[in-house]
């Protein structure tokens, strides 16, 4: 015996032999790894993320007779409702060039963020059985949700651009339309960051799900989805706050590129980039810190 530990297997009470076993290199099930190792684990699960996202896209809305067509019909019907109420009845279209295109872009892109954030936020609750049964980095679930929304949004975005071209005043296709790709990428990065933060919060306090819809509605009204903020706000500080809104900057960039054939300002790109990557970094760290708590009652 050395330092109180038997150096070889030895007989014990009732003929039981005590065999020393080294626990070096073993990891407790469900233990949280270091952040760098956690990111490497997520990368190693990239095939699962893509497979899960594609499978859920193909199976989405399967119970509905129109299936995935509702992803296009929902923003179209919402856009028609907002046009009737705000464009015709309340006349918020006054002073906005090509209000129909302005409204189409606002409604379609807002719903893209709303779906990604809502589904990402609920990913821990929806997949509780999977979390309890398997050992894998839990962040793959909200990431998979966002990949799914990106894949599912392709026909939705194509429909958005077709509608912009169909409704008068018709717009010309220019090289600036290519800038939609980085703008939508930054929007998706921001959505993922917010989804990661909310996923951990909702996994601990389910009541937050009841506030999520309210928060998204407030965000929609604050993002100039169907009106021009310049018409209703003249206070300089309040204008500055509105212009810091990440979704407002997404809409501003896309509208400049698609509707008005102008280059978006570098300030809009800078604000959106800071929001996107800042929220992603915060979301990953915040979510990682709660890794061991997911799936527990």
**Complete:** Here the residues within segment 259-282 that are crowded, with 21+ Cβ neighbours inside 10 Å and at pLDDT below 90 are none
**Request:** Just give me the residues in segment 112-142 being assigned to a helix (DSSP H, G or I), farther than 20 Å from residue 216 by Cα and under 15 Å from the mean Cα position of the chain (by Cα), in sequence order.
**Result:** 140, 141
**Asked** Scanning for something surrounded by fewer than 17 Cβ atoms within 10 Å (Cβ to Cβ), within 25 Å of residue 219 (Cβ to Cβ) and at pLDDT 80 or above, does segment 88-111 turn up at least one residue?
**Response** yes
**Request:** Please identify the pairs in which a residue from segment 274-297 that is free of Cβ contacts under 8 Å to residues at least 12 places away in the same chain has its Cβ atom under 8 Å from the Cβ atom of a residue that is not in a helix (DSSP H, G or I), counting only partners at least 6 apart or on another chain.
**Result:** none
**Request:** Residue by residue through segment 158-175, note down the ones that are buried (at least 17 other Cβ atoms within 10 Å of the Cβ) and in a helix (DSSP H, G or I).
**Result:** 159, 160, 161, 163, 164
**Unique match (being surrounded by 16 or more Cβ atoms within 10 Å (Cβ to Cβ), more than 15 Å from the chain's Cα centre (by Cα) and in contact (Cβ under 8 Å) with a residue 40 or more places away in the chain) among 252, 256** = 256
**Request:** Go through the residues of segment 66-75 one by one and say whether even a single one is at pLDDT below 85 and outside any helix (DSSP H, G or I).
**Result:** yes
**Request:** Report whether or not residue 284 is assigned to a helix (DSSP H, G or I) and either over 22 Å from residue 33 (Cα atoms) or in contact with a strand residue (DSSP E or B) (Cβ under 8 Å, 6 or more places away or on another chain) (or both).
**Result:** no
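The values are calculated or read from the model by the stated rules, or taken from the named source; none is laboratory data. On a predicted model such as this, the values are computed, not experimentally measured, just so you know. Cβ atoms come from the backbone with ideal geometry, glycine included; neighbour counts cover every protein chain shown.
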